[in-house]
Amino acid sequence: MTTYRIEHRTTYTYDSDVTGSYGLFHLRPRDLGWQTCVANEIAIEPEPADLFRHIDLYGNAKGFFHVVQPHTRLVVTSTSLVDIGVNELDPEALAAPWEWAQPREREHDGDAWEAMDFTFQSPYVDVPPSIEDYARLSFPAGRPIGEAAVELMQRIHRDFTYKSGSTTLRTKISELLEKRTGVCQDFAHFMVACLRSLGLAGRYVSGYLATRPPPGKPRLVGAAASHAWAGCWVPGAGWLYLDPTNDRLVDDSHATVAWGRDYGDVPPVKGVIFTEAKKSEMEVSVDMAEA
């Protein structure tokens, strides 16, 4: 296992006082078979009048806060210590025909009911007819589920260009297919839509990716950002996690924070404010380094 220290800081600034700020966050890394969150601290400035945490529908650690002290700057900082290993799946399960991985065909499997929730359209993942045409190129009849999912990931990485600012949360899957540009959340949403178009379970995962500088270059503290990838349910083995943005299987450099149907289920930080301010800015800084 590799141990990482992760700091995620979100800073909001306003041009006039905010008299009330309600927020929610998904910032504590999950405890999984291959990952342990050793410690996690949440610091909010100004200090909130209320801070509440619970486990949500999908088993994610979710928090809420309410700041009543007037402020023009709000800072939410999460600091975590996480041990991460590699999630290895049973090769025999990965070799099964992909059609066998459709949850509707596995109603007697113990976790098929959970996977079923990830087969439907969701607010940020529509499934237009054209997406199935794209996905089926990697899923001919009888192809092993692991092999097909990996090729789909590779094709998305090859066919799409990473371009910051080219999309918004309102960008539809059909638009992504047409324009073929986006950021990591778009790559993940697109892959999830492909899986769901075939009746497979596609899960959106939010987390962090440790990046290493080029040889001879210093590591840039705080230069990283939140990351996103996709999960494909494999009966008898669990979930195969794939990172189409980087064309790689998820490994011990990926820290899993939360998962859901799409980004809307697991935003790192979001909220509602009461203010007469006309302008606001948000700055996000993430640093993930070996401890």
Legend entry - Residues located in the range 54-82, provided they are in a strand (DSSP E or B) and surrounded by fewer than 18 Cβ atoms within 10 Å (Cβ to Cβ): His54, Ile55, Phe64, His66, Thr72, Arg73, Val75, Thr77, Thr79, Leu81
Inset, instruction - For the range 84-96, enumerate the residues that are crowded, with 16+ Cβ neighbours inside 10 Å and either charged (D, E, K, R) or touching a His at 6+ places or on another chain (Cβ under 8 Å) (or both). - result: Ile84
Inset, instruction - Return the total of residues in the range 245-291 being buried (at least 16 other Cβ atoms within 10 Å of the Cβ), assigned to a strand (DSSP E or B) and of a type in the set (Asp, Glu). - result: 1
Legend entry - Those residues of the range 143-153 which are surrounded by fewer than 15 Cβ atoms within 10 Å (Cβ to Cβ) and either aliphatic (A, V, I, L, M) or in contact (Cβ under 8 Å) with a residue 40 or more places away in the chain (or both), in sequence order: Glu147
Inset, instruction - Output the number of the condition that Met116 fails; it satisfies all remaining conditions of (1) surrounded by 15 or more Cβ atoms within 10 Å (Cβ to Cβ); (2) in contact with a Cys (Cβ under 9 Å, 6 or more places away or on another chain). - result: (2)
Inset, instruction - Quickly run through the range 39-76 and pick out the residues that are acidic (Asp, Glu) and touching a helix residue (DSSP H, G or I) at 6+ places or on another chain (Cβ under 9 Å). - result: Asp56
Inset, instruction - Return yes or no: is Glu99 surrounded by 15 or more Cβ atoms within 10 Å (Cβ to Cβ), assigned by TED's automatic domain parsing to the domain that holds Gln185 and acidic (Asp, Glu)? - result: yes
Inset, instruction - Might you check whether a residue that is assigned to a helix (DSSP H, G or I), surrounded by 12 or more Cβ atoms within 10 Å (Cβ to Cβ) and within 20 Å of the chain's Cα centre (by Cα) occurs anywhere in the range 130-142? - result: no
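The values are calculated or read from the model by the stated rules, or taken from the named source; none is laboratory data. Given the structure is predicted, the values throughout are model-derived calculations rather than measurements. Cβ coordinates were reconstructed from backbone atoms using ideal geometry, including for glycine residues, and neighbour counts include every protein chain displayed.
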